[in-house]
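> I am attaching a structure below and will ask some questions about it afterwards.
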């Protein structure tokens, strides 16, 4: 019985998230069977792809966005340092880094267990994610391409 309640609650949260995106008139793809929504947003310089996942087992909303590039092999350690430095200064969310292939993913997760969730929370999650990614994606790429040093990245992120 508890599992049915978890699934019903997850579906409720999922449908509410779809409504928020509809209210914004955003295009998205809904994967109803998995409670997953994919959408993209054009940033100031680089497009941002998003994956919104409603995890019924853990009562979580996960908003993920993988950078549209990977750190080159010769810049992999620099990538680890800058992902860590960027995450250190964030209030919400963080950058996950895969040292094996140079993938950087922004992740913002929140629980809806025993909570009242509404449009304000979802709008906040989306806006914070878009703003954070847009602030950092070009800096990550600049380090990868050699246009910015790790030290310059750290100085820019601590301003």
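> Scan the range 25-60 for residues that are touching a residue at least 24 places away in the same chain (Cβ under 8 Å) and more than 23 Å from residue 115 (Cα to Cα) and jot them down.
So in the range 25-60, the residues touching a residue at least 24 places away in the same chain (Cβ under 8 Å) come out as 35, 41, 43-46, 48, 50, 52, 54-60.
Those that are touching a residue at least 24 places away in the same chain (Cβ under 8 Å) and more than 23 Å from residue 115 (Cα to Cα): 41, 43, 44, 45, 46, 48, 50.
> Could I ask something else about it? Which one of these is in contact with a strand residue (DSSP E or B) (Cβ under 6 Å, 6 or more places away or on another chain) and either crowded, with 16+ Cβ neighbours inside 10 Å or modelled with pLDDT of 95 or more (or both): 106, 122? Outline the logic, then answer.
Numbers: 122 fails: in contact with a strand residue (DSSP E or B) (Cβ under 6 Å, 6 or more places away or on another chain).
That would be 106, the only listed residue that is in contact with a strand residue (DSSP E or B) (Cβ under 6 Å, 6 or more places away or on another chain) and either crowded, with 16+ Cβ neighbours inside 10 Å or modelled with pLDDT of 95 or more (or both).
> Additional query: Report, by residue number, each residue of the range 131-153 that is surrounded by fewer than 17 Cβ atoms within 10 Å (Cβ to Cβ) and in a helix (DSSP H, G or I). Break it down into steps so the answer makes sense when it comes.
First, the residues of the range 131-153 that are surrounded by fewer than 17 Cβ atoms within 10 Å (Cβ to Cβ): 131, 134-135, 138, 142, 145-147, 149-152.
Those that are surrounded by fewer than 17 Cβ atoms within 10 Å (Cβ to Cβ) and in a helix (DSSP H, G or I): 131, 134, 135, 138, 142, 145, 150, 151, 152.
> How many of the residues making up the range 17-37 are more than 20 Å from residue 107 (Cα to Cα) and surrounded by 16 or more Cβ atoms within 10 Å (Cβ to Cβ)?
Step one: of the range 17-37, the residues more than 20 Å from residue 107 (Cα to Cα) are 19, 22-27, 32-33.
Imposing the further condition that a residue be surrounded by 16 or more Cβ atoms within 10 Å (Cβ to Cβ) reduces the set to none.
Selection size over the range 17-37: 0.
> Answer yes or no: is there a residue in the range 82-98 that is part of a strand (DSSP E or B), without any contact (Cβ under 8 Å) to a residue 24 or more places away in the chain and surrounded by fewer than 16 Cβ atoms within 10 Å (Cβ to Cβ).
yes
> Can I ask one more? Starting from residues that are over 23 Å from residue 138 (Cβ atoms) and over 13 Å from the mean Cα position of the chain (by Cα), keep the ones in the range 38-72 and report whichever is surrounded by the fewest Cβ atoms within 10 Å (Cβ to Cβ). Give the derivation first.
Within the range 38-72, the first condition is being over 23 Å from residue 138 (Cβ atoms), and the residues that meet it are 52-62.
Pick out the ones that are also over 13 Å from the mean Cα position of the chain (by Cα) and you get 54-60.
Values: 54: 22, 55: 16, 56: 17, 57: 9, 58: 12, 59: 17, 60: 16.
That would be 57.
> Something else now. From (1) more than 30 Å from residue 74 (Cα to Cα); (2) outside any helix (DSSP H, G or I); (3) under 17 Å from the mean Cα position of the chain (by Cα), pick out the condition that doesn't hold for residue 113.
(3)
> Using the structure shown, decide if residue 75 is assigned to a helix (DSSP H, G or I) and either within 25 Å of residue 118 (Cβ to Cβ) or under 13 Å from the mean Cα position of the chain (by Cα) (or both). Please lay out each step first, then the result.
Values: assigned to a helix (DSSP H, G or I): yes; either within 25 Å of residue 118 (Cβ to Cβ) or under 13 Å from the mean Cα position of the chain (by Cα) (or both): no.
Against the criterion (assigned to a helix (DSSP H, G or I) and either within 25 Å of residue 118 (Cβ to Cβ) or under 13 Å from the mean Cα position of the chain (by Cα) (or both)), residue 75 does not qualify.
> Collect the residues in the range 147-159 that are in contact (Cβ under 8 Å) with a residue 40 or more places away in the chain and farther than 11 Å from residue 82 by Cα, keeping them in residue-number order. Can you show your working first?
If we filter the range 147-159 for residues that are in contact (Cβ under 8 Å) with a residue 40 or more places away in the chain, which is where we start, we get 150, 153-154, 157-158.
Answer for the range 147-159, where residues must be in contact (Cβ under 8 Å) with a residue 40 or more places away in the chain and farther than 11 Å from residue 82 by Cα: just 158.
> In addition: Among the residues in the range 21-38, are any part of a helix (DSSP H, G or I) and out of contact with any helix residue (DSSP H, G or I) (no Cβ under 9 Å at 6 or more places or on another chain)?
yes
The values are calculated or read from the model by the stated rules, or taken from the named source; none is laboratory data. Keep in mind that what you see is a predicted model, and the values were worked out from it rather than measured. Here the Cβ is made from the backbone with ideal geometry for all residues, glycine too, and neighbour counts use every protein chain on show.
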